Amino acid sequence: MDPTAPLLFGLTVAEFEDLSLKLCVGGLIAYMIFIIGQLAWESKAGKYGAIWMFVGLGVGFIGFIAKALIQKLLGIE
């Protein structure tokens, strides 16, 4: 199969994979933020407790977002 041939909605395989990765991981990050907010709300953590919950539990996806920003700034993408 030719990798430059349109696959779906006029996108190539590489374009489809890139778009799918950004949308799916972005959706998972949004859902994880919702879950962390629910944990903070149900545990009555308060303002500073909620901040630390978001910092502590959100470090994993901060790297993913930082990688995308660094790629845009350096023009690597």
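Just so it is clear, none of the values below were taken in a lab; they were calculated from the coordinates. Just so we're clear, the structure is a prediction, and the values are computed from it rather than from any experiment. Quick reminder, even Gly has a Cβ in these numbers, built from the backbone with ideal geometry, and neighbours come from all protein chains shown.
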By how many degrees, between 0 and 90 and to the nearest 10, does the Cα long axis of helix 13-42 differ from the longest principal axis of the chain?
10
Partner lysines for LYS22 [C-alpha distance under 19 Å; skip if fewer than 8 residues away on the same chain]
LYS67, LYS72
Leading residue at positive end of dipole, the chain (Cβ point charges), from PHE64, MET32, GLY46:
GLY46
If contacts are Cα pairs under 8 angstrom and at least 6 residues apart, what is the relative contact order of the chain in percent?
16
Helix 46-74: angle to the longest alpha-carbon principal axis of the chain, degrees 0 to 90, nearest 10?
20
Per the rule of 0.36 nm per residue minus the C-alpha distance, extending PHE9 to VAL55 adds in nm 12.7 nm
Two-decimal ratio, segment 13-74, of alpha-carbon radius of gyration to 2.2 N^0.38 Å:
1.38
Can you give the calculated 222 nm mean residue ellipticity of the chain, where each DSSP H run of n ≥ 4 adds -39,500 (n - 2.57) and the sum is split over every residue, rounded to the nearest 500 deg cm²/dmol?
-27500 deg cm²/dmol
